[in-house]
1. In the stretch 32-46, what residues are loosely packed, with under 12 Cβ neighbours inside 10 Å and either charged (D, E, K, R) or over 10 Å from the mean Cα position of the chain (by Cα) (or both)?
2. Assuming CYS35 fulfils every condition listed in (1) assigned to a strand (DSSP E or B); (2) modelled with pLDDT of 90 or more apart from one, which condition is it?
3. Of everything in the stretch 1-23, what is under 21 Å from LYS55 (Cβ atoms) and either loosely packed, with under 13 Cβ neighbours inside 10 Å or within 9 Å of the ligand (Cβ to nearest atom) (or both)? Give them in sequence order.
Amino acid sequence: MSDESVRIMCPNLTCRKVLAVPASARGKTVRCRNCATTIRIPATLGQAEPTPPAKKSA
Ligand SMILES: [Zn+2]
């Protein structure tokens, strides 16, 4: 389970590249290799939460 990967689509509408990142990247940000947009990886995937996390990353 530690080798689990997360797939996330780039929010950049002109890019929309699907990126595969390690599960350890959850809750962190990655940079799209295609357009350099910074993408935040949700801490939890699979279930959409109605409320955004209150934790603020400095
Ligand atoms: Zn992109």
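1. Residues satisfying the conditions are ARG33, ALA36, GLY46.
2. (1)
3. Result: PRO11, single match.
The values are calculated or read from the model by the stated rules, or taken from the named source; none is laboratory data. Since this is a predicted model, take the numbers as computed values, not measurements. Here Cβ is always computed from backbone atoms with ideal geometry, including for glycine, and neighbour counts include all displayed protein chains.
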